[in-house]
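Colleague: My questions will all concern the structure given below.
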Amino acid sequence: MSLQPIIDNMPQKASEADVETRLLPHFIRALGFAEDESVPSFDTGAGWVDHATRRNTGDKKFVDSRQGPYLYIEVKGRHRNLTEGHPHYFAAFDQLKGYFEGDNSESVQWGILINSLHAQLFRKHGKTIYPATPCLDCSGIDEIVKTFRERIESPARALTVAIYNNKGGVGKTTTTVNLAAALTLLKKRVLIIDFDPNQQDLGDALNLPPSRGQMMDALTKKADIHDSIIPYEYEFPRAKRKASFDIMLADKSMASDEEFTQDRVHQKLRLNALLGALQPLRQNEYDYIFIDVPPNWQVFSQRALFAADTVLLPAGHDNLHSLQNAGAAITELLPQVQAKRQKLLGDYGPIALPVFLNGLPSKISKSHAQLMHQAIGKVIDKGGASGFDLRPYFYPKWTADRQSLYMRHIRHMAHIASGDFRHVPAAFVFRAVFEQYSNFAKDYFLWD
């Protein structure tokens, strides 16, 4: 059944009740859910979302059990402007995000905002929430339903995270290997990718030589991507057990030289080369894929961010340019990637996660803290002049009532550097490092 006549005959100023009664029963059915697989006014533990749905399992009907919701749908009237960037849109998204974070929402993987003029699909992977599609015009409602249903019925297992800052020396590689180690010990399946063929730091951090041609063959579809992946194993000397994650090493054949220039790489590697190569791995094989991205905005960085769902931005408390570059990544670079993803693939593209301070000392002077926050204030002001609210990215606990300057961070620890010298992830060797990175992973990714 086409939903287009319902949209075409919707009152111009349809209220939320109009949208609920005229559209939602048909919309939910078109998404593939039966009447006993949908619960209206569902208690998320953080408020009541308009609809929750989940496939029935065996003789257990969702309408009876009300356990393990899979999709939330929040409905608005047409007077609520859900065009992306409008204050009504941000308020509706914040409401949906709050429901995602409710105590009864651990199992939820998807959310929809809809008012019969616009609709948008959101993905929840653990604790991470990001748009799966742009905000779409409901004049094409049947195509929207088709797109939403395809994605809802076939979610990627993995969250793909690019670790990026245009400034070098902020600990991208150290973050990558220790997050991988911590998540491995937390029973997650992890792949890390060294996408910097010129520096090859990720392989060096683990005392592994770069590959020679395997990654390029995988990216140009001359070989199976599994041929370019190897396991990294660490054996715990006392426990006599092993822990392992997978790594795709930098490809030395892709390093720039007089013959293999950036222009040649640009011609040889399509913008979606890495994303396409990772698709089977994202779908079924890993929980997390981390890409260690070069500290520039050239061919490999652009393809790495194009392949990501989210971008993790490390910065230094004593590195002004890293803070400025984090702001620029959010306001200038990511919008470019999002526009290209939307044009080529019809999805939203990567979003930034909150900026974190890497290697933050346990104590910094009050005067330096003031200088740092003043510099961040200028970055926020510059973003505001371009229409971006950067405050949540730097100060995730800031509210109108409680103007917290708390920033997410990894504390400086000598043990982390010791791991670098040993060529092993410090999170495998030192319990204190594991605890710090596991808490960090829980802040960003894992449901508590």
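Colleague: If I ask for residues that are under 28 Å from His125 (Cα atoms), touching an Asp or Glu at 6+ places or on another chain (Cβ under 8 Å) and assigned to a helix (DSSP H, G or I), which ones from region 339-379 would you list?
Modeller: Across region 339-379, the qualifying residue is only Arg341.
Colleague: Which of the residues that make up region 165-194 are among the aliphatic types (A, V, I, L, M) and assigned to a loop (DSSP other than H, G, I, E, B)? Before you say what the answer is, go through the steps one by one.
Modeller: Of the residues in region 165-194, the ones among the aliphatic types (A, V, I, L, M) are 170, 177, 179-183, 185-186, 190-193.
Passing the criteria: Val170, Leu186.
Colleague: Here is a further query. Got a sec? Which helices (runs of 4 or more DSSP H) wholly within region 238-313 have at least 1 residues that are within 16 Å of the chain's Cα centre (by Cα) and in the same structural domain as Asp227 (by TED's automatic domain parsing)? Before you say what the answer is, go through the steps one by one.
Modeller: Values: elements: 262-268, 273-284, 299-306.
Because the criterion is at least 1 residues that are within 16 Å of the chain's Cα centre (by Cα) and in the same structural domain as Asp227 (by TED's automatic domain parsing), the helices (runs of 4 or more DSSP H) in region 238-313 that meet it are 273-284, 299-306.
Colleague: Continuing with this model, one more query. Given (1) surrounded by 15 or more Cβ atoms within 10 Å (Cβ to Cβ); (2) β-branched (Val, Ile, Thr); (3) more than 17 Å from Asp292 (Cα to Cα), identify the lone condition not met by Thr220.
Modeller: All conditions pass for Thr220, except number (1).
Colleague: Identify all residues within region 120-164 that are more than 15 Å from Gly346 (Cα to Cα), touching a helix residue (DSSP H, G or I) at 6+ places or on another chain (Cβ under 8 Å), aliphatic (A, V, I, L, M) and in a strand (DSSP E or B); write none if there are none.
Modeller: Across region 120-164, the qualifying residues are Ile129, Ala162, Ile163.
To keep it simple, each residue is scored yes or no on (1) at pLDDT 95 or above; (2) more than 24 Å from Pro335 (Cβ to Cβ); (3) out of contact with any Pro (no Cβ under 6 Å at 6 or more places or on another chain); (4) among the small types (Gly, Ala, Ser).
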position	(1), (2), (3), (4)
Ile112	yes, no, yes, no
Phe122	yes, no, no, no
His125	yes, no, yes, no
Ile129	yes, no, yes, no
Ala132	yes, no, yes, yes
Lys146	yes, yes, yes, no
Arg149	yes, yes, yes, no
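Colleague: Need the failing condition index for Pro209 against (1) surrounded by fewer than 19 Cβ atoms within 10 Å (Cβ to Cβ); (2) in a helix (DSSP H, G or I), just the number.
Modeller: (2)
The values are calculated or read from the model by the stated rules, or taken from the named source; none is laboratory data. Note that the structure is predicted; figures quoted are calculated from it, not measured. We place every Cβ from the backbone using ideal geometry, glycine too, and count neighbours over all the protein chains shown.
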